[in-house]
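*Asks:* Would you mind keeping the following structure in view while I ask a few things?
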Amino acid sequence: MSSGVDVNLENIWIKFGDFVAVREANVNINGGEFFSFLGPSGCGKTTILRAVSGFLTPSEGRVLIGGKDMEGLGPNKRPTALIFQNLALFPLMKVWENITFSMEVKGASAAERRKRADELLDMIALPGQGDKLPSELSGGQKQRVAIARALCAQPDVLLLDEPLSALDLKLRQHMRTELREIQQRVGITFIYITHDQGEALTMSDSVAVMRAGIIDQIGDGNAVYDRPATPFVASFVGENNVFRGKITAINGDEALIATNRSGELRSKITPAAVGKLNVGDEAMMFVRPEMLQLGAGDAKSTITAKVVNEEFEGNSYSIYLEGDGGKQIKMAMPNLGTDPHRAKGETVSFSYDAHNAVVMPAGDLASE
Amino acid sequence: MKSNILFGRVALGLYLVIFFGYLVGPLAVMGLSAFNSAEFPSIIPWQCFTYEWFSTLFHDERILKGVKYSFIVGFGTVILSVAIGLAASLVLTQVWEKWRSTYYTVIIAPILIPGVVLGISTLVFWKKVSDLLGGVDVLSNGIFLTILGQSTFIASYCMLVFVARLQRFDPGLTEAALDLGATHTQAFRKILLPFMRPAIASASVLAFLASFENYNTTTFTFGSYPTLTIQLAQMVRYGINPSISALAVIIVVITVFGALTVEVYRRRSKLKAGEIRQGKGLPAWLFGNTATILLVALSFALIATVYTAQTYSPAQCKADYKAARAAEVQAKIEALRAARAAAAAAAAANGEAPADGGTNAPATQGGTGGFGGVFAPTNLEDAAGQSNGADSGAAAPAAPFGNVFDPGNLEDAAGQNNGASSAPAPAAPASPFGSVFDPNNLENAAGQNGN
Ligand SMILES: Nc1ncnc2c1ncn2[C@@H]1O[C@H](COP(=O)(O)OP(=O)(O)OP(=O)(O)O)[C@@H](O)[C@H]1O
Ligand SMILES: [Mg+2]
């Protein structure tokens, strides 16, 4: 088995008639990496994957796999295997025939195939289930069969299109770890598609966050979570509180923002926006719920607001406060066993560390 | 309230009886008539239970040939129609998205065009092609033309079946196959074709049945290979006998067997898939499976029938029946003769000519004979009687259509006409077409002569 090859998308545009599904995508994926495309439904994730696997030709740009231009090669000639969004197991074939389909079309003997199928069934922890039909398997089992079928083709790159979306939460979490383990064992490049940011963050070495055909940011989990490049990324990946306003001062990678309701606040400028912000620009500042704490601090990082609601979640409290433009500000506080409850309507002060806030030019937020 | 519900139930029951009577009635009558020894397909009057029509059927060269050609044409049509239909449906669902509805209209048109038109155009077109190519024999061959002619519209039926199935096909499966390294041919053979198998089976059955029963297209194209339907239609011209019913019985039995077998198979695979709970005691394959039970019962009935058919002979019954009828006829003749004698006596008393009494009877009552004899050879006696009536000068030319298909009228007419002449005359020389074509009538004719 190969130890993973690079995949490079160079300036890919994909159009369906007048509709641009993918716009100027430039992605470099290293060999053996677990790479995720993260984005809301309909943003063009599947479309990109289909361009990589060869089911559609980009209107512009090149797909390179292992440094080789894939132009003109059909899906059956590319060193990729795709796990479909709906799995696409062959319903009339037994599990073992499904798994070894890639060998069958190359003319391998039944005995050979059976043997390989048994090995793979052991690997996916379904020993002895080879003679069942796919319809006789549970959701998670089907999932694993689909993975085994793809791995049996010995691809250099495994493409996974939201393979876990149909599973319930528990199974999904279990399969996440399992997928990650398999990836580390076989060592090939995984390109994973999901609209679940938790999935992307837990499994991936790198994440590309997409919005309506545009890749907003590529980076590892920390970069995407802590240093989002755009308001969309900031609001799509994890929970975030947004404060809108105008820039009043810039000092290196810090800025002062005159927010609409909370006065002047200080924030770090997100790396992607350094040098692009000017005094007077419309801007958005983001602070994560867990970065807020009760009690006043520095005047330029203290906010006062009325409590709307408080939720107790066992290990933590969520406090909802009146925020900007009808939106609520959320504060997450660990449960230390001492906190008195706050009454609704009570006005509280809370603060944050300016290093934990990011500001960037105003833009579209992810819709809830 | 309650009576309303009751009324509703009764009405529904009545409706169902009428409905199923309407559906099954003709089949039942036809089926029974295959076992009646009467020479025309009928169940009233019931004469003798017999299997002779089956043997007549198996010795009828024309019907056997017809069946043979029907099968050849049927298989040819199945192969051609399924192939064309499958290709057409693939094109419809997978290739031309923009032209889909136009294409659909074109491909479905043959179903809407009358079969007669298809038959004629097939004939004309291939004649032209044959001429252009300098008279290629095979192009004007009846079987070739019939297969082509029938396939023009049967292929459309097949396509509809395939389209219905294809709409449930996930094209992702083909993509998955390609992704795993299959060529397009392999993806078609290993993924799409197996998926289409049930549709191919039902389209084949549909195509075969449509071909088997087709008349209006075939009638223009059969050339020197008349299929069964054509043969049957031609035979009607010479008069039919219950071997037709026997054929119907065989076809019905085969159909029912086929349907039950399919049902049993379907149920069993369901059972395997665990969709039907297994009961205790009964073997699993039998439980909850009426189809299997029926199939088994039917098989037994069939075996029993075939077995009895080997030993049972209706000869005695037939002889009895003939004797009884002869006696009946004789009695009627006596009665009429007596009546006539009385009338003659009365007329003599009134001083009128006796001839009038003779013509009156056939003119009103005996509105029978004539053409009836052409279609139904069993009317023979009556026709014979009619010509006997010619003795008295008036009856014969007046014979109209009345009992065309009803041999039951027979005795009456015979008695009547015989009564018209003052004495029974030998019938044989004057008898019309019937007996010429159907040797089965011989006995009857002979019986008449005996009278
Ligand atoms: N064959 C096609 N013709 C026209 N438009 C298409 C086609 N395939 C996809 N699109 C459009 O491209 C956009 C992106 O589709 P895509 O399937 O890539 O979404 P996705 O990100 O995978 O969404 P999801 O998470 O729901 O699977 C959608 O707006 C879709 O309508
Ligand atoms: Mg998708």
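The values are calculated or read from the model by the stated rules, or taken from the named source; none is laboratory data. Keep in mind that this is a model prediction, so the values were computed, not measured. Here Cβ is always computed from backbone atoms with ideal geometry, including for glycine, and neighbour counts include all displayed protein chains. All accessible areas refer to the heavy atoms of the entire protein, side chains included, with ligands and DNA or RNA removed. Shrake-Rupley method; radii C 1.70, N 1.55, O 1.52, S 1.80 Å.
*Asks:* Under 12 Å from a point placed 7 Å out from the Cα of A:E10 along the Cα-to-Cβ direction: which residues of the range A:49-67 have their backbone N that close?
*Replies:* A:61-65, A:67
*Asks:* Something else about it: Amide H of A:Y192: which non-local residues (sequence gap of 5 or more, or other chain) have their own amide H closer than 5 Å, using H built in the peptide plane?
*Replies:* Counting only residues 5 or more places away or on other chains, the set is A:F35, A:S36, A:F37, A:L160.
*Asks:* How long are the semi-axes of the equivalent ellipsoid of the range B:77-183, defined as square roots of 5 times the Cα gyration tensor eigenvalues? Whole Å, largest first.
*Replies:* 33, 16, 12
*Asks:* Between B:I120 and B:V136, what is the label-to-label distance in nm when each label sits 7 Å out along the Cα-to-Cβ direction?
*Replies:* About 2.6 nm separates the two model spin labels.
*Asks:* Now for a separate question. Share of antiparallel DSSP beta bridges in chain A, in percent to the nearest 5?
*Replies:* 75
*Asks:* Another question, then. Just need log10 I(q)/I(0) for the range B:1-153 at q = 0.11, 0.13, 0.19 Å⁻¹, Debye formula, equal scatterers on the alpha-carbon atoms, no solvent, rounded to two decimals.
*Replies:* Rounded to two decimals, the profile gives -0.82, -0.93, -1.14.
*Asks:* Something else about it: What residues of the range B:159-176 lose no less than 40 Å² of accessible area with every protein chain in place versus their chain by itself (probe 1.4 Å, heavy atoms only)?
*Replies:* SASA drop of 40 Å² or more in the range B:159-176: B:L173, B:E175, B:A176.
*Asks:* Rounded to the nearest 500, what is chain A's calculated 222 nm mean residue ellipticity when only DSSP H runs of at least 4 contribute -39500 (n - 2.57) each, over all residues?
*Replies:* Helix-only estimate at 222 nm: -6500 deg cm²/dmol.
*Asks:* Tell me, what ³J(HN,Hα) does each residue in the range B:141-158 have, in order and in whole Hz, if you take phi through Karplus 6.51 cos²θ - 1.76 cosθ + 1.60 with θ = phi - 60° and put x for Gly and Pro?
*Replies:* Using θ = phi - 60°, the values come out as 6, x, 5, 4, 5, 5, 4, 5, x, 5, 5, 3, 9, 5, 4, 5, 4, 4 Hz.
*Asks:* I want to check the label-to-label distance for B:V106 and A:K77. Put each point 7 Å from Cα in the C-beta direction and report it in nm to one decimal.
*Replies:* 3.1
*Asks:* If you find the alpha carbon centre of the range A:103-168 and of the range B:66-84, how far apart are they in angstrom?
*Replies:* That distance is 43 Å.
*Asks:* Who wins for biggest fluctuation among A:A108, A:A51, A:A229 in a Gaussian network model of chain A, springs between alpha carbons below 10 Å?
*Replies:* A:A108
*Asks:* Now, a different point. Mind listing the phi-derived Karplus ³J(HN,Hα) values for the range A:62-67, rounded to whole Hz, using 6.51, -1.76 and 1.60 with θ = phi - 60°, and x for any glycine or proline?
*Replies:* After applying 6.51 cos²θ - 1.76 cosθ + 1.60, I find 10, 10, 10, 10, x, x Hz.
*Asks:* Take the Cα coordinates of the range B:60-241, assign each an equal point scatterer, and use the Debye formula without solvent to give log10 I(q)/I(0) at q = 0.11, 0.13, 0.16 Å⁻¹.
*Replies:* -0.57, -0.74, -0.98
*Asks:* Moving to a separate point now. Points 7 angstrom from Cα along the Cβ direction at A:S316 and A:D253: gap in nanometres?
*Replies:* In this crude spin-label approximation the distance works out to 2.5 nm.
*Asks:* Here's another thing I want to ask about it. Which Cα, out of A:G275, A:A362, A:I191, lies furthest along the positive dipole direction of chain A (beta carbon charges, K/R +1, D/E -1)?
*Replies:* A:I191
*Asks:* I've got another one for you. How big is D for the range A:108-205, in µm² s⁻¹ as a whole number, if Stokes-Einstein is applied with the Kirkwood radius of its Cα pairs at 25 °C and 0.890 mPa s?
*Replies:* In µm²/s, the coefficient is 172.
*Asks:* Where the only charges are on Cβ atoms (+1 Lys, Arg; -1 Asp, Glu), what is the dipole of the range B:60-241 about its Cα centre, to the nearest 20 debye?
*Replies:* The dipole magnitude comes to about 100 debye.
*Asks:* A further question follows. Note down the magnitude of the dipole of chain A about its Cα centre, charges +1 on Lys and Arg C-beta and -1 on Asp and Glu C-beta and zero elsewhere, to the nearest 20 debye.
*Replies:* Around 620 debye, computed over chain A.
*Asks:* Give the residue from A:Q173, A:S316, A:A249 lying farthest towards the positive end of the charge dipole for chain A; charges sit on Cβ (+1 for Lys and Arg, -1 for Asp and Glu) and the dipole is referred to the Cα centre.
*Replies:* A:Q173
*Asks:* Using DSSP, restrict attention to beta bridges with both residues in the range A:7-226 and report what percent are antiparallel, rounded to the nearest 5.
*Replies:* 55
*Asks:* Heavy atoms only, probe 1.4 Å: what % of the accessible area of the range A:159-306 goes to carbon and sulfur, would you let me know?
*Replies:* For the range A:159-306, the apolar C and S fraction of the accessible surface comes to 48 percent.
*Asks:* Quick one: Karplus J couplings for the range A:227-234, per residue in order, coefficients 6.51, -1.76, 1.60, θ = phi - 60°, nearest Hz, x for Gly and Pro?
*Replies:* 10, x, 7, 9, x, 4, 4, 4
*Asks:* Can you compute the charge dipole magnitude of the range A:7-226 about its Cα centre, using +1 on each Lys and Arg Cβ and -1 on each Asp and Glu Cβ, nothing else charged? Give it in debye, rounded to the nearest 20. Spell out each step's value before the answer.
*Replies:* Values: 24 positive and 27 negative charges, 118 e Å.
Value, rounded to 20: 560 debye.
*Asks:* Rolling a 1.4 angstrom probe over the protein chains, ignoring ligands and nucleic acids, what is the accessible area of B:L193 in square angstrom, nearest 10?
*Replies:* Using a 1.4 Å probe on the heavy atoms, I get roughly 50 Å².
*Asks:* Multiply the residue separation of A:E346 and A:A110 by 0.36 nm, subtract the distance between their alpha-carbon atoms, and state the gained length in nm to one decimal.
*Replies:* Extra length from A:E346 to A:A110 when fully extended: 77.6 nm.
*Asks:* For a Förster distance of 41 Å, can you work out the FRET efficiency between the beta-carbons of B:A345 and B:F49, rounded to the nearest 0.05?
*Replies:* 0.30
*Asks:* Distance from the Cα centre of the range A:56-84 to that of the range A:214-260, in angstrom?
*Replies:* Distance between centres, Cα-based: 35 Å.
*Asks:* Enter the buried accessible area of the B/A pair, total of both sides, probe 1.4 Å, in Å² rounded to the nearest 100. Mind dumping the intermediate values first?
*Replies:* On the way: alone 25570 and 16700 Å², together 40610 Å².
That pair hides around 1700 Å² of surface in total.
*Asks:* What is the calculated FRET efficiency for B:Y22 to B:T255, with r their C-beta to C-beta distance and R₀ = 22 Å, to the nearest 0.05?
*Replies:* Here the calculated transfer efficiency is 0.70.
*Asks:* Given a cut-off of 38 Å, what percent of all Cα-Cα pairs of chain A lie beyond it?
*Replies:* For chain A, the share of Cα pairs beyond 38 Å comes to 31 percent.
*Asks:* Please report the orientation-averaged projected area of the range A:239-361, defined via the convex hull of its C-alpha atoms, in nm².
*Replies:* Here the figure is 7.4 nm², rounded to one decimal.
*Asks:* Here's something else I'd like to know. So how compact is the range A:7-226: Cα radius of gyration and Dmax in angstrom?
*Replies:* Gyration radius and largest Cα-Cα distance of the range A:7-226: 17.2, 53 Å.
*Asks:* Could you do me a favour and compute the accessible area per residue for the range A:7-226, 1.4 Å probe, result in Å²?
*Replies:* For the range A:7-226, the per-residue accessible area is 40 Å².
*Asks:* Quote the FRET efficiency, to the nearest 0.05, computed for A:K300 versus A:N26 with a Förster distance R0 of 45 Å and r equal to the Cβ-Cβ distance. Present the calculation step by step, with values, prior to reporting the outcome.
*Replies:* Values: r = 38 Å, r/R0 = 0.84.
Result of the calculation: an efficiency of 0.75.
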